[in-house]
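Report on the following structure.
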Amino acid sequence: MNGLYFVKFHVKSDCVFLTATMKGMFMQRENEKSLFVHVKSNRSLCRDAYTLIELLAVFGIIGLLIALLVPAIQAAREAARRTSCMNQLKQITLACHHYHDFHKNLPSCVTYLPGVPDFSHPDRIARERWTGSIHVGLLPFLEQQPLYHLTQTTTYKSIATGGRPETNPFLVRISYLMCPSDAGVSLVPKQNGPSNYFASTGDWPARIFFDGTARVLDKPGPLIRPDKENKRGPFNFHPNFARAFSLITDGLSNTVAFSEHLIGKAGDQTLVTTGIARGPSVSITNTQKNFNPNALFGLRDTHDPLRYPLTGFSAPELSDNAGRSWGYGYPESCGFQTILPPNSPSGSGNGLSSVQTHVMSASSNHPGGVSASRMDGSASFVIETIDCGTIDSKPPVKGGSSPYGVWGALGSINGGETTPEI
């Protein structure tokens, strides 16, 4: 049979012996060719997947790599955010230098808004017109001349929530005023233009300067005397007593200019680092004789020291207004003190209806402390365990070293302290 093949298979274990016999018309004899073919057994042929132990080992290695890499990535991102935050503080402080070169003095924490309607008595300046913050005065020196022009012509107050950013300049969100590590910015209503960066009034409590009819006096009077006597910090809350560099005898590099405060979270003012304690239970008072900033620590929840209690005899009135408006010239919006360590409680004590004492502590989401700039334009990180001396001490009136340790010394402009590197 021409072209006919006879094939025989002999199976032994894992091997198959194949014998082929071919007969042809022109073949003188049978040619027998033996072919050896090695094939896998059924057990080997069925192995198409990994075992459970192998999968668990792979997953374990992947999990270990994630556990090692994710914290490193998060730390690198936070380091970048902290660097960005310090750069923004530097820019704001350098703007103060340009302001000083032009005006021959530093800006005040309050500025005049001439466009706001004046409903006051003729011999007084309306409170409404004195609602601008230090950030308003610095706008032209931070390449924000058009926005500054709008603040000088608008009829909206800096604390107003009406209108839209196109018509109300105080609703505009300015990127260099917001710390990239503060997630609370996204929770602030669109009716506010938030700011994380506050000016230092030194180791002296901040006070508003309105008289009993809620107006600003043209000339110093007894009700604004407390802030007139605040000669401790580079900035204060009265426009008539702005500082000059020549008054900072401790040196620009030894004096804190700006730091940060977390923006108040809408509906969650119980957080110590964002909420502000107010009301009769806040025992920091308007007089130096009874001033005790340490009392703010006693307002914290005994079960959760990171929060204020919502109920109970010692529960304070709470505000979430911290940093909610960059244009508002008020201690809760643009001023802080080097009295309590960073990430401590903040509060305002009630006393005379016309004067409130504010202690605003620097706070941030940076792990372990806050960013702060110096008056020379440099910036550094201040740890929350910085030496604050005797916290329940009374602030000095006219001079001398600060009782609030290294932090207080960095806040004073003329205390004569030697401040170590931090």
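What follows is calculated from the coordinates using simple rules that are stated; it is not laboratory data. Everything numeric in this text was worked out from a predicted model, so none of it was measured. Every residue, glycine as well, gets a Cβ built from its backbone with ideal geometry; the counts of neighbours run over all protein chains shown.
Points to keep in mind about this one:
- Once both labels are positioned 7 Å from their Cα atoms along Cα-to-Cβ, the gap between ASP101 and ASP268 label points is 4.3 nm.
- Database remark: amide H of ALA206 closer than 5 angstrom to the amide H of HIS358, MET360 (H placed geometrically; neighbours at sequence offset of 5 or more, or on other chains; Pro and chain starts carry no H).
- Local electrostatic count at PRO234 - Lys and Arg +1, Asp and Glu -1, tallied over other residues with Cβ under 13 Å: +1
- Counting every other Cβ atom within 10 Å of each residue's Cβ, PHE141, PHE381 order from fewest to most as PHE381, PHE141.
- Approximate spin-label separation ILE174-SER84, in nm, with each point projected 7 Å along Cα-to-Cβ: 1.8
- Exposure proxy order (Cβ contacts within 10 Å, fewest to most) of ARG164, ARG324: ARG164, ARG324
- Members of LYS104/LYS157; LYS90/LYS265; LYS157/LYS265; LYS157/LYS394 lying beyond 29 Å, as alpha-carbon distances in this model show: LYS157/LYS394
- Here VAL406, VAL70, VAL172 are placed in order of increasing Cβ neighbour count within 10 Å, fewest first, which gives VAL70, VAL172, VAL406.
- Note on SER401 and THR51: their simple-model spin labels are 7.3 nm apart, each label 7 Å out from Cα toward Cβ.
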